[in-house]
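Each reported figure results from applying straightforward, stated rules to the coordinates on display, with no laboratory input. As the structure is a computational prediction, the values presented were derived from the model and not from experiment. A quick note on method: Cβ atoms are made from the backbone with ideal geometry, for glycine too, and the neighbour counts reach across all protein chains shown.
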Amino acid sequence: MSVLLTHAYYLSNDPKEHKIMKPYPPLGQLYISAYLDAQNIENHLFDTTFFSKADQLAFIKEKQPDIIAIYTNLMTKVEVIKLMKILKKEAQYGFPVIVLGGPDVSFNLENYLNAGAQYLIIGEGEETMAELHNAILNTTEVAQVAGLAYLENGLLTRTKPRVKMKDLSVLPLPNRAAIPMDKYLRTWKDNHGMSSMTVSTQRGCPYTCKWCSTAVYGQSYRRRPAHLVAAELKMLKNTYKPDSIWFVDDVFTVSHKWLTAFHEEVIKQDAVIPFECITRAERLTDDILKLLKEAGCYRIWIGAESGSQKIIDAMDRRVDVDVVKEAIQKTNAMDMETGTFIMLGYPGEDMEDINTTVQYLKDANPTHFTITIAYPIKGTSLYNEIEKDIINQPDWETSTDRDIDFKRTYTRKFYDYAVKRVVNEVNYHREIIKPANRDLTKAMKFKLKSVLASGLMTVTK
């Protein structure tokens, strides 16, 4: 009995990401594939990133897998449902058992099951996928497999929760050989002059930000041993020669003890590769910044979300905005790049908070910043808080949580213009304060766009 692991992200269908051209492999499925290999379970992996749905369906038709396990998230949900409907209807694909996993399934169980999935994996997928395969193969009780949801006589049935893996050292390395890694490396190199790969060192996050989903790994903290992470970097360095590593962990410096061991191991094993990571400001001390730089870190993304302490507290971020600002400034001073994330439109945010965020970005001066408009992911504290205030609940099968809107201080359109205002106002400031090579024409274009966005904000309040 064979398993096909796949997803439904097609880069060519995503204009925004196609313009950015920074694709990364489906790391979670690579871990599951490697785990199934270790259990001697036949599996194939079709990574759709650089291919079309037609290519994917041709592969399914050729392999005729008994089980198709599809990774599902907010970005791919609509395409996953379309794929399921084809597999359920057309005999040429063999009517495989359809299994879904990923962050979007845990709080949409009945929706996904009614849309065509036969089993949903809730939480981490390696052990559950292997046990489900064996239960189907041996026609034993699926009800004994922890971490599942399915329909039985039309009723939702959930098995006991899957106990999270405590010892991550038992995980085999991701099965990168199963996908066209050369396409990822070449795409990065051609578009950005450098190649990049992803590495995961931890599972879970111990923090409580209200807008963040912990559906798969939970509010926990588990870490792979530092020497094994360094060994993986050494293997990547020898095999793929990437120019950069992106650590996908939520808070890379959460444990100073682990980071000290990591620093020691990458140097000892000659495994230093330039890398970027995400962390929280209060977990960055002068000593930790020094260790990061010596271990190869060239860019740190430091979560900010807002320049307003009022909004930070509403998010339950549990950090002082001045601590975040100082962390960015200290990192800049050490000649490492910085990045930060900003969220507009959070419940309770008003014009004063937005102006405070603009000034915050000017003062902190991160090398990079990204802005999103707050949206409620089902299962999060934010969703629970605003559920009664939802004013736009689109059709579930053809939309995502990003399309949900709720009563905010101002209209949704207001925040679209607010994003443009923040971006252009901060870019104007950056151009004006340049000590040399200041481009006043460019600066004035930023300022005009900022003024226009401000006017449209006023009109759409």
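Any aspartates and glutamates with Cα under 18 Å of the K447 Cα? List them, leaving off those in the same chain fewer than 8 positions away. The qualifying aspartates and glutamates are D363, D416, E425, E431, D439.
Maximal additional length on extending the E294-R318 stretch stands at 5.7 nm, based on 0.36 nm per residue less the C-alpha distance. Computed from label points 7 Å out along Cα-Cβ, the spacing between D335 and K268 is 2.8 nm. Among K290, K388, K378, the ranking by other beta carbons within 10 Å of each residue's beta carbon, starting with the fewest, stands as K388, K290, K378. With the convex hull drawn around the C-alpha atoms of the range 194-371, the volume per residue stands at 111 Å³.
Each Cα pair under 8 Å and six or more residues apart adds its sequence gap; the mean of these over the residue count of the chain is a relative contact order of 11 percent. When each of the peptides 1-12, 165-176, 309-320 is scored by how many other beta carbons lie within 10 Å of its residues on average, the order from highest to lowest is 1-12, 309-320, 165-176.
In this simple spin-label model, placing a label point 7 Å from the Cα along the Cα-to-Cβ direction at both D167 and S381 gives a separation of 3.4 nm.
Using the number of other C-beta atoms within 10 angstrom as an exposure proxy, rank F414, F59 with the fewest first.
Listing F414, F59 from fewest to most nearby Cβ atoms yields F59, F414.
Applying a threshold of 20 Å to the alpha-carbon distances of K22/K166; K237/K268; K210/K378; K183/K237; K330/K449 flags K22/K166; K330/K449 as lying beyond it.
Residue order for L344, L155, fewest other beta carbons within 10 angstrom first, comes to L155, L344.
Here semi-axes √(5λ) of the Cα gyration tensor in Å was computed from the coordinates, and among [x] 41, 25, 21; [y] 59, 23, 20; [z] 38, 28, 21 the match is [z]. Among the aspartates and glutamates, select those whose C-alpha is under 14 Å from the C-alpha of K407, and discard any that sit fewer than 8 residues away in the same chain. List returned: E349, D350, E385, E387, D389.
Multiplying the residue separation of M235 and N114 by 0.36 nm and subtracting their alpha-carbon distance yields 39.2 nm. Amide H contacts for A69 (H built 1.01 Å from N in the peptide plane; partners 5 or more residues away or on another chain; cut-off under 5 Å): L4, L5, T6, V99.
Note on R438 and K22: with the Förster distance fixed at 35 Å, the Cβ-Cβ geometry gives a FRET efficiency of about 0.75. Remark: the chain carries a charge dipole of roughly 960 debye about the Cα centre, counting +1 on each Lys and Arg Cβ and -1 on each Asp and Glu Cβ.
Considering only L36, F46, I86, the residue lying farthest towards the positive end of the dipole of the range 3-158 is I86, judged by Cα position with unit charges set on Cβ.
Label-to-label distance for A143 and K85 is 3.4 nm, based on points extended 7 Å past Cα in the beta-carbon direction.
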